[in-house]
Every structure is written in C-alpha cells, then in structure tokens.
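Student: This structure is in structure tokens; I'll ask about it shortly.
The values are calculated or read from the model by the stated rules, or taken from the named source; none is laboratory data. As the structure is a computational prediction, the values presented were derived from the model and not from experiment. Every residue, glycine among them, receives a Cβ derived from its backbone with ideal geometry; neighbour counts consider all protein chains shown. Only protein heavy atoms, including side chains, enter the accessible area calculation; ligands, DNA and RNA are left aside. Shrake-Rupley method; radii C 1.70, N 1.55, O 1.52, S 1.80 Å.
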Amino acid sequence: MTTNPLQQTIEALAKEKGIEPEVIITAIEDAVLTASRKYYKTNENLKTRFNPETGQVDLFAVKHIVEQVTDPAVEISLAEAHELYGTEAEVDMEIEFPKPTDVLGRIAAQTAKQVIFQKVREAERENIFEEFNQRIGEVVNATVKRFENGDIVAELNNRIEALLPRKEQSRAESYNPQDRVRAVIKGVNRSAKGPQIVLSRTDPALLIKLFEQEVPEIYDGTVMIRGAVREAGDRAKVAVFSRERDVDPVGACVGMKGTRVQAIIRELRGEKIDIVEWSEDPVLFVTNALSPAKVQRVSIVDDRERVMEVVVEDKQLSLAIGKKGQNVRLAAKLTGWRIDIKSEEEKRREVELQFAGLEMAVASSDETDAQGDLTTGQDSQAVFADETSETAATDVNAGETTEAREPAHETSDT
C-alpha cells in the first residue's frame with residue numbers, strides 16, 4: 001500500500017481527470033526540470049527523476065565521458081571518471097551528478113505548478129479527443145451551464161464541457177441555466193481553447209437517433225431510414241423502408257395514435273415531421289416525398305441532370321410548394337431530384353401555347369408551299385407563251401416563202 005502522500009495525490013488526480021498516473025509524474029519531472037534551468041542558468045545537461053519511495057524529484061547534471069574535454073559543463077574526462085567510479089567508467093558512458101532542489105525557491109515552485117497544470121490539461125484534452133472522436137453522431141444528455149455570445153456551454157454527465165453554437169441551435173428553442181438538453185455530437189476540435197466537443201440540435205443525425213430510440217423496428221433493423229432532411233424548428237422529412245413485406249414502415253414510425261412520432265415532435269419543440277416511404281422508383285419516391293400534397297402526374301424531364309416535372313391540382317399547388325417553398329425544397333433534398341411543380345391550369349396553358357405554335361408553323365409551311373406552286377405556274381405560262389410566239393413566227397415565215405414560190409411557177413408555165 002502506498003504511504004507516500006505525493007504518490008496518493010498523483011493517483012487521486014489521475015483518477016479524477018481520467019488520465020494515467022505516469023502522465024502526471026512526467027509532468028512533475030518536466031516542471032522541476034524547467035524550474036531548475038531557470039534557477040541554475042547553466043549549460044549543464046540537467047535531468048530529473050521521480051522517486052516513488054521518498055516522493056521527491058531528484059535532479060542530476062549528466063556528463064558525457066570523453067578522452068579530451070572541450071565543454072566542461074557537459075563533458076568529463078576519462079581520467080577523472082576513473083578517479084570517481086574506478087575502471088568501470090568507459091568512454092561514451094554518462095555520469096549523473098546529483099544537484100539540490102531545495103534551493104529552487106518560491107518562483108521556481110510557481111513555475112513548476114504552472115507546468116504541471118499545463119501538462120495535465122493537455123493530457124486531459126487529448127483523452128477527451130480520443131474518446132469523443134469515436135462517438136460522433138451519438139446523442140448525449142447535457143446540462144446548460146452558461147451562455148457566451150449566443151453560444152451555449154453545456155456540461156456532460158462526466159463533467160466535461162461541450163459547446164452548442166448559435167448556428168446549431170433551433171430557432172424554436174430557448175434555454176435557461178440548468179436546463180436539460182439532448183443533442184448530437186457533431187465534432188471534436190483538438191486545438192480549441194474552449195470546449196472541444198461541438199453539439200448540434202439542427203443536424204439530421206439527431207432526428208435519426210431519436211427515431212432509433214423511439215421506434216423498436218428501426219433499432220432492430222426491420223425498418224431502415226434511407227434519408228432525413230430538416231429545416232430545424234419548422235419541418236422535417238424522413239424516408240423509411242421496410243425489409244419485411246408485412247411491416248408498414250410509415251405506420252411503425254408513427255405508432256399507435258401517433259405516440260412514437262409525437263414523442264419526437266415534443267423533443268424537437270413542435271417541429272413538423274413528414275414520414276414518407278422510400279422507393280427505388282424515382283417517380284414514386286418524388287410523389288411520396290411531396291406529401292401531404294397529392295400529385296396528379298410526374299414525368300422525368302432530364303434523367304442525366306435529374307430533373308422532374310410534377311403536375312398537381314390547382315388547389316394543391318400551394319400545399320405542394322409549401323410555405324416559402326419549404327415543402328418542395330425539402331422533397332428535392334430528400335430525393336436528390338430537382339422538382340418543377342406546375343398546376344393543371346399552368347400545364348394546360350403551356351400545352352395550348354405549344355399547339356398554337358405548332359399550328360402557326362404548319363400554316364407558315366403551307367403558305368410557303370403555295371407561293372412556290374404559284375411561282376412555278378407563272379414560269380410555265382411564260383414558257384408556253386414563248387413557245388407559241390416562236391411557232392407563230394415560224395408559220396408566218398413559211399407562208400411567205402410558199403407564196404413567193406408559187407408565182408414563179410406560174411411565170412414558168414406561161
């Protein structure tokens with residue numbers, strides 16, 4: 001059993017901070033070494049070692065054995081080493097010369113205290129990082145401790161401080177000191193000066209974890225959450241899928257008379273949650289995602305760019321779009337498709353304009369063909385007139401020749 005008071009203090013501190021006793025012992029040795037260098041102000045190679053039996057930190061000046069000394073502060077000749085330790089001393093060996101520590105004084109003690117606290121704090125922060133870095137995405141319970149410029153500093157069960165930034169707080173929520181809050185671990189900062197653990201109340205991971213806690217079918221893997229999107233404080237959409245045909249995924253999440261989803265809504269301070277069924281068919285998935293609006297028809301405009309056109313009844317248009325476009329925006333995030341919503345009246349006008357444009361194009365084409373036929377007819381008449389004129393001229397010339405020849409025959413006969 002340990003009787004050394006300092007050793008008992010080290011073990012108690014290590015248990016409280018959750019670190020190994022060796023870390024604190026090393027911190028004490030480093031602290032005494034720093035204070036000794038400030039006090040002695042020499043070039044000696046000083047070294048400290050904790051003695052668990054006496055509870056003291058021993059200080060030594062280490063010297064290297066050499067053939068010829070060039071720096072007396074850190075070197076000792078072989079001949080001198082033989083005088084001190086006999087023939088066992090050899091070149092390249094090191095000799096430790098004890099130095100007193102009781103002369104360090106009050107300033108050195110304060111310096112040692114600061115170094116010890118710094119080393120223990122660094123070790124504690126490293127342990128926190130290693131522990132909570134593996135718990136990212138986990139929901140934890142915390143108690144509101146204080147407020148700093150809109151950010152909330154909360155305390156976890158093991159007295160570790162965590163930060164809930166303003167941007168990670170839901171605008172529908174407000175807290176007072178000592179309030180209990182459930183949040184998801186979003187990240188852990190290694191080099192932060194304040195709390196290292198960053199919490200979030202707006203991350204969709206919080207919604208997923210709450211469903212896992214409230215719905216046994218999700219916890220055991222019968223029902224799977226295929227996606228979740230949120231606009232914290234207003235509305236959220238969750239896509240669920242059942243691995244068993246007999247289990248209704250939406251009904252399992254809603255619960256008897258909505259008890260399961262109501263518990264989550266209360267935890268999120270009244271945030272509306274739409275639970276939709278996931279489907280491999282993108283058209284069906286988009287139709288479900290636009291719930292509670294009823295969709296008339298869906299068509300894929302561009303499969304490569306993932307663009308869809310959705311037509312709804314005129315009275316369903318505002319419900320499908322949602323307040324400030326919230327419903328269609330969340331549906332687009334959930335499905336990964338860009339959704340273009342139109343009412344039946346808008347679609348009808350669009351089709352009529354397309355038909356009107358098509359008729360105008362056909363009419364223009366017919367008019368162009370008619371003009372072409374008219375030009376062709378005029379050209380034919382001109383050619384025919386030219387041919388008639390030439391024929392008539394030929395007949396006249398032929399007649400004149402005949403008449404001129406006939407009198408010549410008559411004269412000959414006479």
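Student: Determine the relative contact order of region 181-294: mean sequence separation of Cα pairs under 8 Å and six or more apart, normalised by residue count, in whole percent.
Tutor: 19
Student: On to the next question. Can you give me the long-range amide H partners of Glu75? Hydrogens built in the peptide plane at 1.01 Å from N, cutoff under 5 Å, separation of 5 or more residues or another chain.
Tutor: The answer is His64.
Student: Sorted by packing (mean other beta-carbon atoms within 10 Å per residue), highest first, where do 66-74, 304-312 land?
Tutor: 304-312, 66-74
Student: Still on this model: How much net charge surrounds Val223 when only the other residues with a Cβ under 15 Å from the Cβ of Val223 are counted, with Lys and Arg +1 and Asp and Glu -1?
Tutor: Local net charge: -3.
Student: Okay, next question. So what does Glu83 come to for accessible area, using a 1.4 Å probe and Å² rounded to 10?
Tutor: Accessible area, nearest 10 Å²: 150 Å².
Student: If you don't mind, there's one more thing I want to ask. Can you pull the percent of the chain's accessible area that's carbon plus sulfur, 1.4 Å probe, other chains left in place?
Tutor: 49
Student: Under 22 Å Cα to Cα from Lys342, which lysines show up? Leave out anything in the same chain fewer than 8 places away.
Tutor: Lys342 reaches Lys237, Lys294, Lys315, Lys323, Lys324, Lys333.
Student: If I ignore ligands, DNA and RNA and count only protein heavy atoms, how much of Phe241 is accessible to a 1.4 Å probe, in Å² to the nearest 10?
Tutor: Per-residue accessible area (Phe241): approximately 70 Å².
Student: In addition: Check Arg226: other-chain or 5+ apart residues with amide H under 5 Å from its amide H, H built from backbone geometry?
Tutor: For Arg226, the qualifying residues are Ala239, Val240, Phe241.
Student: Modelled label-to-label distance, Arg190 and Arg226, 7 Å Cα→beta-carbon offset: nm?
Tutor: Placing both labels 7 Å along Cα→Cβ, they lie 3.9 nm apart.
Student: On the full set of protein chains, 1.4 Å probe, figure out the accessible area of Glu350 and give it in Å² to the nearest 10.
Tutor: Glu350 exposes around 60 Å² with every protein chain in place.
Student: Could you sort the peptides 182-190, 137-145 by per-residue average Cβ neighbour count (10 Å cutoff), highest mean leading?
Tutor: Most protected by this proxy first, the peptides run 182-190, 137-145.
Student: Then there's this: Can you tell me the orientation of helix 344-413 relative to the chain, as the angle in degrees between its alpha-carbon axis and the longest Cα principal axis, to the nearest 10?
Tutor: It works out to around 30 degrees.
Student: With just the Cα atoms defining each centre, how far is region 8-58 from region 245-277? Give it in Å.
Tutor: 58
Student: Pull out the extension gain between Glu67 and Gln114, defined as 0.36 nm times the separation in residues minus the alpha carbon to alpha carbon distance; nm, one decimal.
Tutor: 12.8 nm
Student: OK, next. Per residue, how much accessible surface does region 165-291 expose to a 1.4 Å probe? Answer in Å², no decimals.
Tutor: 51
Student: Right, next: How large is ³J(HN,Hα) for each residue in region 47-56, as worked out from phi by the Karplus curve 6.51 cos²θ - 1.76 cosθ + 1.60 (θ = phi - 60°), to whole Hz, x for Gly and Pro?
Tutor: Using θ = phi - 60°, the values come out as 8, 10, 8, 7, 9, x, 6, 9, x, 10 Hz.
Student: What number, rounded to the nearest 500 deg cm²/dmol, is the helix-based mean residue ellipticity at 222 nm of the chain, given -39500 (n - 2.57) per DSSP H run of at least four residues and division by all its residues?
Tutor: -15500 deg cm²/dmol
Student: Another question about this same structure. Tell me which label goes with the value of Cα extents along the principal axes in Å computed from the coordinates here: (i) 182, 77, 43; (ii) 58, 44, 36; (iii) 71, 45, 37.
Tutor: Recomputing Cα extents along the principal axes in Å here gives the entry labelled (i).
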